[in-house]
Amino acid sequence: QVQLVESGGGSVQPGGSLRLSCTASRTIFSMGWYRQAPGTQRELVATITIEGSTNYADSVKGRFTISRDNAKNTVDLQMNSLKAEDTAVYYCTAREFGPLTARAWGQGTQVTVSS
């Protein structure tokens with residue numbers, strides 16, 4: 001099972017920026033981020049494959065950018081123009097290639113957007 005360690009997060013005012021980073025214990029096909037706000041289900045934010053193919057939630061397109069460094073087994077999420085509705089616990093995730101492979105999860109990091 002791959003291990004995921006997150007860093008970043010914190011509190012910012014609306015319109016501000018934050019950057020999240022995650023390091024995996026080994027190379028893995030897909031890495032990305034999900035988030036979960038209180039009382040809601042965990043939802044996709046963005047993912048990126050080892051080839052660089054990306055997938056974003058409609059709610060973050062144009063504001064968030066996901067990137068990865070395959071040599072370092074890291075994935076970053078640059079979050080700009082943050083809104084109050086982006087407030088959530090953000091989880092790094094990773095999985096091997098294939099539709100039925102299980103996801104590994106990080107411990108989560110809090111992002112709070114508030115004036």
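Here Ile50 sits with roughly 60 square angstrom of accessible surface, probe radius 1.4 Å. For the chain, the longest stretch holding no GluC sites (Glu not before Pro) located in a DSSP loop with at most 14 other Cβ atoms within 10 Å is which? The reported range is 1-50. Each of Phe64, Phe29 has its accessible area taken with a 1.4 Å probe; listed largest first, they run Phe29, Phe64. Loop-located chymotrypsin sites (Phe, Trp or Tyr not before Pro) across the range 70-102 with a Cβ neighbour count of 10 or fewer within 10 Å are Phe97, with loop assigned by DSSP. Here Met79 sits with roughly 0 square angstrom of accessible surface, probe radius 1.4 Å.
Rounded to the nearest 20 debye, the dipole magnitude of the range 3-115 is 60 debye, with +1 charges on Lys and Arg beta carbons, -1 on Asp and Glu beta carbons, and the Cα centre as origin. Measuring nothing but alpha carbons in the chain and taking Rh as the Kirkwood radius, the Rg to Rh ratio lands at 0.95. For the range 29-81, a simple Cβ point-charge model (Lys and Arg +1, Asp and Glu -1, everything else neutral) yields a dipole of about 100 debye relative to the Cα centre. Working from Cα pairs under 8 Å separated by at least six residues, relative contact order for the chain is 36 percent.
The values are calculated or read from the model by the stated rules, or taken from the named source; none is laboratory data. All figures in this text were calculated on a predicted structure; none of them were measured in a lab. Backbone-built Cβ (ideal geometry, glycine too); neighbour counts: all protein chains shown. Heavy atoms of the whole protein, side chains included, go into the accessibility calculation; ligands, DNA and RNA do not. Shrake-Rupley method; radii C 1.70, N 1.55, O 1.52, S 1.80 Å.
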